[in-house]
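Here's the structure we're looking at; comments come further down.
The values are calculated or read from the model by the stated rules, or taken from the named source; none is laboratory data. All values reported here derive from a predicted model rather than from experimental measurement. A quick note on method: Cβ atoms are made from the backbone with ideal geometry, for glycine too, and the neighbour counts reach across all protein chains shown. In case anyone asks, the SASA skips ligands and DNA or RNA and just uses the protein heavy atoms, side chains included. Shrake-Rupley method; radii C 1.70, N 1.55, O 1.52, S 1.80 Å.
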Amino acid sequence: MYLNTHTYYSLRYGTIAPKELVSILLQQNVNSVCLTDINSTSSNLEFVRLAIKNAIKPILGVDFRNKAQQQFIMLAKNNEGYESINNYLSEFLHIKDFVIPDSAKKIKNTFVIYPFENDVHELKENEFIGVKPTDLNQLKFSKWRNKQDKLV
């Protein structure tokens, strides 16, 4: 499953239409995917309709960033979590020069994934560290190497 997928609704960072994304997912036999556009949920309704129509389970969230710098990904466990994520995102988007904090606000019915290079000291029950293939060599020397239950 892909945990951080963008469409062209990730303004200046995404390049693919939701319909094209679903087509690629079908070609790769992906049956579940997290759509996490950057600081946006604009494509979610269209994506959910397309995904369900094509037997793909959509999981919705947001990739919270300060410009290109990823702070964290927040994923909804259910509709209440999705509503809460949208409310949280709106808190920032209503400020002209907003700054996303290093740590996510504790929100019920959500999961949070921090980038591997983030220096989070203690993870809450719903929080995890995202490890990309390029991070694997550094993982051997990281404080997270013995906490694999918190790695995704």
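Rounded to the nearest 5, what is the percent of antiparallel bridges among the DSSP beta bridges in the stretch 64-130?
Values: 7 of 11 bridges.
If we restrict to bridges inside the stretch 64-130, about 65 percent are antiparallel.
Got a number for carbon plus sulfur as a percent of the chain's accessible area, 1.4 Å probe? List each step's numbers first, then the result.
Values: 4730 of 9150 Å².
Heavy-atom surface of the chain belonging to carbon and sulfur, 1.4 Å probe: 52 percent.
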(message) 5 Å is the cut-off here: which amide hydrogens, built 1.01 Å from N in the peptide plane, fall below it relative to Val33, excluding neighbours closer than 5 in sequence?
(response) Lys57, Ile59
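With a ≥ b ≥ c taken as the square roots of the eigenvalues of the C-alpha gyration tensor of the stretch 3-85, please select rounded if a/c is under 1.5 and otherwise prolate if a/b is larger than b/c or oblate if it is not? Can you show the working numbers first?
On the way: a/c = 1.91, a/b = 1.28, b/c = 1.49.
It is oblate, given that a/c is not under 1.5 and a/b is not larger than b/c.
Using a cut-off of 14 Å between beta-carbons, work out the net charge of the residues near Lys132 (Lys and Arg +1, Asp and Glu -1, Lys132 not included). Each step should come with its number before you reach the end.
Details: positive: none; negative: Asp63, Glu117, Asp135.
So the environment of Lys132 carries a net charge of -3.
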(message) Going by amide H atoms built from the backbone, whose H comes under 5 Å of the H on Ile107, apart from near neighbours?
(response) none
(request) Please work out whether the stretch 62-118 counts as rounded, prolate or oblate from its C-alpha gyration tensor, where a ≥ b ≥ c are the square roots of the eigenvalues and a/c under 1.5 means rounded, while otherwise a/b larger than b/c means prolate and anything else oblate? (result) oblate
(message) Between the stretch 9-73 and the stretch 90-121, what is the separation of their alpha carbon centroids in Å?
(response) 18 Å
(message) Please list, ordered by chain and number, the residues whose modelled amide H lies under 5 Å from the amide H of Glu127; skip anything fewer than 5 residues away on the same chain.
(response) Val112
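Could you report the chain's accessible area per residue, 1.4 Å probe, as an integer in Å²?
Values: 9150 Å² over 152 residues.
Accessible area per residue, the chain: 60 Å².
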(request) Using the Karplus curve 6.51 cos²θ - 1.76 cosθ + 1.60 with θ = phi - 60°, work out ³J(HN,Hα) for each residue of the stretch 101-116 in order, rounded to whole Hz, and write x for Gly and Pro. (result) x, 5, 10, 6, 5, 5, 10, 4, 6, 9, 10, 10, 10, 8, x, 3
